[in-house]
1. Select from N233, N121, N101 the residue whose mean-square fluctuation is largest in a Gaussian network model of the chain (Cα-Cα springs shorter than 10 Å).
2. For the range 154-224, compute Rg over Rh where Rg is the Cα radius of gyration and Rh is the Kirkwood radius from the inverse mean 1/r over Cα pairs.
3. If amide hydrogens are placed 1.01 Å from N in the peptide plane, which non-local residues have theirs closer than 5 Å to the one on S213?
4. Using only the C-alpha atoms of the chain, find the volume of their convex hull and express it per residue in Å³.
5. Per the Kirkwood treatment, what hydrodynamic radius in Å, one decimal, follows for the range 134-255 from the mean inverse distance over all distinct Cα pairs?
6. Of all GluC sites (Glu not before Pro) in the range 1-88, which ones are in loop regions per DSSP and have a Cβ with at most 12 other Cβ atoms within 10 Å?
7. Quick one: if the Förster radius is 25 Å, what FRET efficiency do R201 and E53 give, using the C-beta to C-beta distance and rounding to 0.05?
8. In the P(r) worked out for the range 72-180, what percent of Cα pairs fall beyond 20 Å?
Amino acid sequence: MNGPLHGLKVLELSTVLAGPYCAMVLADLGADVIKVEPPEGDATRGYGPPWVETSDGQERVAAYFLSVNRNKRSVRLSLRDDRARAVLDRLVGWSDVLIENFRPGGLDKVGLTSSHLVELNPRLVHLSITGYGPTGPDAQKPGYDFIAQAVGGLMSVTGFESQDGEDGEPTKIGVAMSDILTGLLGAVGILAALHSGHGQRIDVSLLESTLASLINQAQNAFVTGERPRPWGNAHPNIVPYETFATADGQIAVAV
């Protein structure tokens with residue numbers, strides 16, 4: 001499709017949500033995205049129901065997969081096969097951007113070490129998405145949105161207090177917000193790197209992106225020394241800014 005990123009070539013080696021979402025943002029802006037899937041297909045093709053059947057009725061695909069993979073082309077490769085790795089090398093050379101969400105060292109196992117990537121394509125912008133960053137005690141742990149929301153503190157400020165005034169049950173946001181934020185921050189980093197005109201590596205993580213989302217809740221805690229609490233539909237700094245019950249239903253008021 002045409003768009004401001006028309007002509008940009010993106011190679012996606014990622015699954016689940018953060019990486020595919022990042023690549024889809026670029027695709028929606030006009031980039032040509034090739035998504036590399038394993039021989040059995042991306043795992044999220046099976047994250048159903050609900051399902052969408054192909055026009056010939058021969059295949060069904062989960063709505064989940066379709067929600068983060070529009071405007072892409074796909075190729076299925078077994079990265080343990082030498083012939084497939086040769087194809088992957090050619091795709092890296094073709095690309096302007098590589099998006100992947102392997103754990104640290106995971107790309108090395110398929111032959112794409114940092115030095116090899118530079119050898120194949122010195123102008124490549126390489127986005128690495130991990131759960132907890134490329135280094136540190138948790139670097140090798142898998143990253144999941146639900147856990148990032150919990151560890152990052154987002155669940156502690158979501159939901160309502162219990163009747164006795166204590167914090168209620170930790171509550172996740174109704175969509176995979178940590179994944180989405182990570183994908184968006186990754187896309188911003190890619191655009192900044194492309195603007196610089198130099199090949200480089202960018203690292204974003206689910207945990208860091210979640211922490212960045214705490215904005216005023218985190219700053220309030222830094223200033224007061226008090227742990228943030230869930231406010232339900234109210235706001236910790238602004239009043240009135242919440243829902244109110246009326247005779248014929250709830251209304252939302254933001255002043």
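1. Ranking N233, N121, N101 by mean-square fluctuation puts N233 first.
2. Rg/Rh for the range 154-224 comes to 1.14.
3. none
4. Given the Cα convex hull of the chain, per-residue volume reads 195 Å³.
5. Computed over the range 134-255, the radius equals 16.8 Å.
6. Answer by residue number: E40, E59.
7. 0.05
8. Here the tail beyond 20 Å accounts for 56 percent of pairs.
Quick note: the coordinates plus some simple rules give every number you see, no bench work behind them. Please read these numbers as outputs of a predicted model, since none were measured by experiment. When we count neighbours, we look across all protein chains shown, and the Cβ atoms used for this are built from the backbone with ideal geometry, even at glycine.
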